[in-house]
Amino acid sequence: ERLARVVGHLVESGGYFRLSATKVSSESKDHNSNDHNSKTVKESKDDNSKTDEIVTYELFKIAPRWLFLRIETRKGIVGWGEPSLEGWCDSVMTCVGEMMESIVGEDPARIQYIWQKIRRQKFYGGGPVIMTSLAGIDEALWDIKGKTLKAPVHQLLGGAVRDRLLVYRWFGGHRNDPQSAANEAKRVLHQSNYRLLKMNACPPMQFIDTDGKIEIARETMKAVREAVGPDIGIGVDFHGRVKPPMAKKLVKALSPFNPLFIEEAVHPDQNHYLKAIAANTHVPLATGERMYTLSAFRDLLETRAANIIQPDCSHVGGISGLFRIAVMGQAYDTALAPHCPLGPIALACCLQVDACAVNFAFQETSLGIHYNTEGGLTISSDKCALLRFVKNPQVFDVDKDGYMKIPKTPGLGVEIDEELVRKAAVLGHNWRGREWTLQDGTPTRW
């Protein structure tokens, strides 16, 4: 008899069950109404039993080049995200504000609903500004979800598949010469526990350039390798500034020194060249920091040319986007190494996904990165830029083998120093991307 009533209700209501976070009273007798809201709901006097809702948000522009997002719910739970898009901070601030018009009042627990609401209901989507704005919101909602359920985000994603997380850091800047690069690499290894490093490969190059610049890059890589020995991994970033003809020559010149990987051998607009480059080197090719959507990574993975994908959590729609890309990469047996030259919230988000992704290889961190000395930085020194706004900086400690622990505290695992954030936001930052030109005055990528 009860089954017959259920079937009858489904037929009359168009075949839908209504999902609700609230408890439906067993005293409800109206099984024949087409109004899904007609059931009597037993209201609890305990506010904790009610569905929460998003009530306020704030944005904080923080030196050296970061943007923090604070979302608060009616129950007073605060979540933090980092929609940092280097050089386009003001544009993202405007975009986040436009998105939040559709989100304030929503249940923060419905992360995927909100994500799809922004991604699909709007006519225009994708791209760095929109996906970065969405990322900050998504990250803050996962933080709220974890704090509400008193669990770290990685547990909500299915739990960790490893015990610790291998990390790497930068050394040097944009224009490395052999001796200074070698000295900097040795200094970093002496002062930290990192076992994996990364540097820029070369200065700007013409579409077709001389072998002299190739030789400088080769000598720099040689000097660094001789300085640190064979047991230290050295990633080399072309930064998408090298055009395809020169990229082939540069990869060939650096390969004998066994780079850990070569990053953005060509600009992502030219990813179709990666297959030809990969055919002529044993060095793993990595890319992805300037790719923003699941479909873009699908197309890359289908080429089988990239050995390492590098989605940036704060540029691919947050934890939700990063996790989807990571899982898709598993189907191609492609390693995951999330891009993250950003702040502590962005890194914490990456660590949560890294813990769960079986194809995770290593994680970028911004500790000591050259960008952190820019943007009008006026609070303290750069030595702890990554840690400055965190009350529990030990979460980013690196052990003697070059690993970080998996965060264990609820939410993203970092406790933000809100008072210091508010003080820093008064000063803001003025970080802008480089504006480089070639020798003849032609604008070029940096």
- Query: Out of all the residues in the stretch 185-196, is one or more closer than 25 Å to Ala355 by Cα and either aromatic (Phe, Trp, Tyr) or touching a Pro at 6+ places or on another chain (Cβ under 6 Å) (or both)?
  - Reply: yes
- Query: Do we find that Lys147 is basic (Lys, Arg), open to solvent by 20 Å² or more (accessible area, probe 1.4 Å) and within 24 Å of Glu435 (Cβ to Cβ) in this structure?
  - Reply: no
- Note on the structure: In the stretch 356-365, anything in a loop (DSSP other than H, G, I, E, B) and polar (S, T, N, Q) is listed as Asn359, Thr365
- Message: So Val129 passes all but one of these: (1) open to solvent by 10 Å² or more (accessible area, probe 1.4 Å); (2) within 22 Å of the chain's Cα centre (by Cα); (3) farther than 25 Å from Glu435 by Cα. Which condition number does it fail?
- Response: (3)
- Item | Selection from the stretch 272-287 of residues that are surrounded by fewer than 22 Cβ atoms within 10 Å (Cβ to Cβ) and part of a helix (DSSP H, G or I) | His272, Tyr273, Lys275, Ala276, Ile277, Ala278
- Residues in the stretch 288-307: is at least one in a strand (DSSP E or B) and either assigned by the TED database to the domain that holds Ala201 or crowded, with 19+ Cβ neighbours inside 10 Å (or both)? no
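So that you can scan it fast, the table gives a plain yes or no per residue for (1) farther than 21 Å from Glu364 by Cα; (2) open to solvent by less than 30 Å² (accessible area, probe 1.4 Å):
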{"residue": "Gly158", "(1), (2)": "yes, no"}
{"residue": "Val161", "(1), (2)": "no, no"}
{"residue": "Leu165", "(1), (2)": "no, yes"}
{"residue": "Arg169", "(1), (2)": "no, yes"}
{"residue": "Leu189", "(1), (2)": "no, no"}
{"residue": "Tyr194", "(1), (2)": "no, yes"}
{"residue": "Asn200", "(1), (2)": "no, yes"}
{"residue": "Pro204", "(1), (2)": "yes, yes"}
{"residue": "Thr210", "(1), (2)": "yes, no"}
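Collect the residues in the stretch 234-248 that are more than 17 Å from Arg175 (Cβ to Cβ) and open to solvent by less than 10 Å² (accessible area, probe 1.4 Å), keeping them in residue-number order.
Ile234, Gly235, Ala247
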- Item | Test: Lys145 is farther than 19 Å from Ala326 by Cα, at pLDDT 95 or above, in the same structural domain as His239 (by the TED database) and of a type outside the set (Asp, Glu) | no
- Selection status of Gly158, at pLDDT below 95 and either more than 20 Å from Ala346 (Cβ to Cβ) or touching a Ser or Thr at 6+ places or on another chain (Cβ under 7 Å) (or both): no
- Item | Residue in the stretch 359-386 that is modelled with the highest pLDDT, counting only those that are open to solvent by 20 Å² or more (accessible area, probe 1.4 Å) and among the β-branched types (Val, Ile, Thr) | Thr373
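Per-residue answers, yes or no, for (1) in a loop (DSSP other than H, G, I, E, B); (2) buried (at least 22 other Cβ atoms within 10 Å of the Cβ); (3) in contact with a His (Cβ under 9 Å, 6 or more places away or on another chain):
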| residue | (1), (2), (3) |
| --- | --- |
| Leu342 | yes, yes, no |
| Asp354 | no, yes, yes |
| Arg388 | yes, yes, no |
| Lys423 | no, no, no |
| Gly441 | yes, no, no |
| Trp446 | yes, no, yes |
- Query: Can you spot a residue in the stretch 318-334 that is at pLDDT 95 or above, touching a Phe, Trp or Tyr at 6+ places or on another chain (Cβ under 8 Å), in the same structural domain as Ile369 (by the TED database) and not in a helix (DSSP H, G or I)?
  - Reply: no
- Given Arg162, Arg175, which one is touching a helix residue (DSSP H, G or I) at 6+ places or on another chain (Cβ under 7 Å), among the basic types (Lys, Arg) and in the same structural domain as Leu294 (by the TED database)? Arg162
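The values are calculated or read from the model by the stated rules, or taken from the named source; none is laboratory data. What you see is a predicted model; the values in this text were computed from it and never measured. Here the Cβ is made from the backbone with ideal geometry for all residues, glycine too, and neighbour counts use every protein chain on show. Please note that ligands, DNA and RNA were not included when accessible areas were found on the heavy atoms of the full protein model with its side chains. Shrake-Rupley method; radii C 1.70, N 1.55, O 1.52, S 1.80 Å.
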